[in-house]
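First comes the structure, then the notes that go with it.
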Amino acid sequence: MELLHEVEQFLYREARLLDAEQFEAWLELLTEDIHYWMPAIQNRYRRDKNPGYTPNTMALFDEDMKSLRLRIKRFNTGVAWPEDPPTRHCHVITNIEVEMTSNPDEYRVYSAFVNHRSRNEQDEDTMMGRREDVLRRVDGVLKLARRKIVTTQSTIMAKNLSAFL
């Protein structure tokens, strides 16, 4: 129960930092070898046994620490049109499960999320889906090492996809 509580608090803190656009503090929650991945989803009939996504298909996000830092640096320039005026976010994290892995310092974490975004007077988007994370204990502190994001939408209708999920 202590581990579950620690993981929940980590995910809630991460959501709060993202909502508050504290991106530098958010980066501190990540390992240097982070892999942040959101595959593009293909709609398939049940009779089609091919998966809706694979590691080799297109991804909406396929990022490492270098690309995440670059994206945040771009936000901070003031000329990133998707974020000027700023987007107001509300991340809701739920259905958190924790599994042990073969590495005693790593945990597989499953969660569901809702991200509501609002910008200007009429721009509103809601994205939801599931995440599969690997959290790693580094110097006694949990950090995010891997994130796979699978949305319920196969077609993202938002005007941009600048959010961190």
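Considering only the stretch 96-106, how many residues are surrounded by 14 or more Cβ atoms within 10 Å (Cβ to Cβ) and among the hydrophobic types (A, V, I, L, M, F, W, C)?
2
For the stretch 14-29: of the residues being part of a helix (DSSP H, G or I) and in contact with a helix residue (DSSP H, G or I) (Cβ under 9 Å, 6 or more places away or on another chain), which is surrounded by the fewest Cβ atoms within 10 Å (Cβ to Cβ)?
Step by step, filter the stretch 14-29, then rank; the result is Glu24.
Identify all residues within the stretch 53-95 that are modelled with pLDDT of 85 or more, among the hydrophobic types (A, V, I, L, M, F, W, C) and either in contact with a helix residue (DSSP H, G or I) (Cβ under 8 Å, 6 or more places away or on another chain) or surrounded by 13 or more Cβ atoms within 10 Å (Cβ to Cβ) (or both); write none if there are none.
Of everything in the stretch 53-95, those that are modelled with pLDDT of 85 or more, among the hydrophobic types (A, V, I, L, M, F, W, C) and either in contact with a helix residue (DSSP H, G or I) (Cβ under 8 Å, 6 or more places away or on another chain) or surrounded by 13 or more Cβ atoms within 10 Å (Cβ to Cβ) (or both) turn out to be Met65, Leu68, Ile72, Cys90, Val92, Ile93.
When residues of the stretch 107-135 are filtered for being over 24 Å from Ile41 (Cα atoms) and surrounded by 18 or more Cβ atoms within 10 Å (Cβ to Cβ), how many remain?
Going through the stretch 107-135 one residue at a time, the tally reaches 3.
The values are calculated or read from the model by the stated rules, or taken from the named source; none is laboratory data. Here the structure is a predicted model, which is why all the values come from computation and not from measurement. No Cβ is skipped: glycine too gets one built from the backbone with ideal geometry, and neighbour counts run over all protein chains shown.
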